[in-house]
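Bear in mind that the values in this text are calculations on the coordinates, not laboratory data. What you see is a predicted model; the values in this text were computed from it and never measured. Cβ placement follows ideal geometry from the backbone for every residue including glycine, while neighbour counts extend to all protein chains displayed.
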Amino acid sequence: MGSRQKKSTSALGVAAYTEIRWGNDSLSGLLMDEAFKYDIAFSFLSQDETVAQQINDALQDRYRTFLYSERQKELAGTDGEETFKTVFSKEARIVAVLYRTKWGTTPWTRIEETAIRDRAHDEGYDFCTFIAMRRTRPGPPARREEHHHDLL
């Protein structure tokens, strides 16, 4: 099996690395798991929607993504609270949280945080990654040592 890394820079000027693999050990194959409706779901505060949209745009051709603003037609007529709980607790293989201190305190991010915590209680936090939107140590208060990445 061979692999190489490709460096790219987003519109935000953030360097991102994509690992390209050959053979059966492909990241795409790992993510495109039919047991999940979405490969990646994004949780974020409204002020970070532009960043979430940029990340989603970069991934949506290769992965099944959940970004609520892109799924509004599907969400119309559903119980939003139950739909969001289901996405973040069962339907997303990976959850990416664009974290700021206020994340988890708004009505919708509180629902998402609760679903993530409930899932982590059963599975651990390996399915979730926290992306710091400010230079701070991100994550739910009880689990700050888990996966996180700084964009700044």
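Charge tally around residue 102: other residues with Cβ under 11 Å, Lys/Arg +1 each, Asp/Glu -1 each, net +2. Rounded to the nearest Hz, the phi-derived 3J(HN,Hα) couplings of the stretch 40-45 under the Karplus curve 6.51 cos²θ - 1.76 cosθ + 1.60 (θ = phi - 60°) are 9, 10, 10, 10, 6, 7, where x marks glycine and proline. Here's how it looks for residue 94: its modeled amide H is under 5 Å from those of 40, 41, which are all 5 or more places away or on a different chain. Whole-Hz Karplus values for the stretch 52-60 come out as 4, 5, 5, 5, 4, 4, 6, 9, 5 Hz, taken residue by residue from phi with 6.51 cos²θ - 1.76 cosθ + 1.60 and θ = phi - 60°; glycine and proline positions read x. Given their separation in residues at 0.36 nm each and the Cα-Cα distance between them, residue 69 and residue 83 gain 3.7 nm when the chain is fully extended. Summarising the label geometry, the points placed 7 Å from Cα in the beta-carbon direction at residue 54 and residue 121 lie 3.7 nm from one another.
Close amide-amide hydrogen proximity is noted between residue 132 and 99, 149, 150, 151, each under 5 Å apart and 5 or more residues distant or on a separate chain (H modeled in the peptide plane; Pro and chain starts excluded).
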